[in-house]
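Just below is one structure, and these are the notes that go with it.
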Amino acid sequence: IPPAIDLTVITATCRRPAQLGSCLAQFRSQSLGGLRCEHLIVSDGIDPQARTLCRQFGARYIERPTPGGQWGSLARDTGIREARGQYVCFWDDDNLYEPHALACLYAAAVEADIGVVQTRYRCRTRPGQITIPRRWSGTFIKGDIDTMCVCVRRDLAMQELWEQHPVPTRPTTDWHWLERLSHH
């Protein structure tokens with residue numbers, strides 16, 4: 001029996017109501033066709049505003065009682081464990097998404113372990129837009145991948161935690177997680 005949900009979109013957040021509200025609205029405006037999606041918001045700490053926003057937008061909400069991990073890594077791990085979809089992807093609450101982003105992302109991954117789509121991305125530290133991955137050759141290249149352009153089969157994603165990092169004092173990045181995941 002196939003899962004009732006095709007894709008779980010995981011958004012880690014922490015006391016950022018304006019960004020989260022925008023992200024929730026973008027999810028709601030997606031043109032999904034027959035794609036069955038859920039939006040799972042994981043708050044890294046108690047956040048009554050996030051809880052209220054999720055209720056208003058109909059998103060599933062999980063609250064970690066205390067902040068943990070760097071850059072939302074423990075919140076992402078929680079999201080992977082709690083996801084109901086066959087595939088998972090990650091949407092940061094401060095990014096902008098095209099109305100067809102989820103359908104394209106899922107189409108790249110369906111019947112594969114990891115799907116990658118090229119995404120135009122405006123980075124806060126660099127002016128203008130960049131495209132990620134820039135030169136997709138089937139190999140993850142450091143600095144060329146962001147989880148917003150990756151869709152992963154959930155059972156594969158569960159094999160690697162975000163919080164595992166080769167240098168415990170440094171935060172886990174998209175690159176580190178995807179590099180470890182690609183070995184599976």
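The numbers here are math on the coordinates, done by the rules we state, and not lab data. No experiment lies behind these values; they were computed from the predicted model shown. With ideal geometry, Cβ positions are generated from the backbone for all residues, glycine too; neighbour counts draw on all protein chains shown.
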Q | Inter-probe distance in nm under a simple model that places probes 7 Å from Cα toward Cβ, at Val110 and Ser22 | A | 3.1
Q. Taking 0.36 nm per residue of separation and subtracting the Cα-Cα distance, what length does fully extending Arg60 through Ser182 add?
A. 41.1 nm
**Q.** Efficiency of FRET between Ile46 and Leu96 - r from beta-carbon atoms, R0 25 angstrom, step 0.05
**A.** 0.35
**Q.** Under 15 Å from the Asp155 label point (7 Å along Cα→beta-carbon), backbone N, region 74-92
**A.** 84-88
